[in-house]
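One structure is given below, encoded as structure tokens.
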Amino acid sequence: MKKEIRHLHQALSTSWQWGHILTNSPAMMDICKDTAKIALSQASVLISGESGTGKELIARAIHYNSRRAKGPFIKVNCAALPESLLESELFGHEKGAFTGAQTLRQGLFERANEGTLLLDEIGEMQLVLQAKLLRILQEREFGR
């Protein structure tokens, strides 16, 4: 089983090599060069652009070419979840934190540890939640 997982991981990371991103756009070629450098760092990255421009493709390429490639790649659409659920999904909660919280729940930040968490549509988050996200990005830590 471990051998099969290693083989699948190797196949997946090979499919995300920079040469496999096909484009005729000089701007996209420049982006690929820049993101190859970013993948070597531990920096948090903001990828912006119109719908359908390849933001997730670039995020996955960065992930699978970084030291975090062996960790999970988790994507969450922030616009698809109500604010109260989104906060619990991102940060998790302690048992008894609110009505219905019968068990401890790990959030996406914890589950993505040593990997990548792609937050899609962060502009749709409530400002209070965006402020919490900013603090996490700046301090690289959080509490439930």
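Structure notes:
- Linear extension gain, Q106 paired with K132, 0.36 nm per residue minus alpha-carbon span: 7.7 nm
- Gain upon complete extension [E124, K33; 0.36 nm per residue less C-alpha separation]: 29.8 nm
- Anisotropy class of the stretch 27-86 from Cα gyration tensor, a/c 1.5 cut: oblate
- Over all other residues within a Cβ to Cβ distance under 14 Å of E121, the charged ones net out to -4, with Lys and Arg as +1 and Asp and Glu as -1.
- One Cα centroid belongs to the stretch 109-144, the other to the stretch 52-90; the line between them spans 11 Å.
- Rounded to 0.05, the FRET efficiency of the T23 and V45 pair, given R0 = 22 Å and the Cβ-Cβ distance, is 0.70.
- Whichever lysines have a C-alpha closer than 24 Å to that of K132, once near sequence neighbours (fewer than 8 apart) are set aside: K55, K75, K95
- The stretch 71-144: Rg to Rh, with Rh as the Kirkwood radius over Cα pairs: 0.95
Any read-out appearing in this document is the output of simple, stated calculations on the displayed coordinates, not a laboratory observation. Predicted model only: the values in this text are computed from it and were never measured. Reconstructed Cβ throughout: ideal geometry from the backbone, glycine too, with neighbour counts over all protein chains shown.
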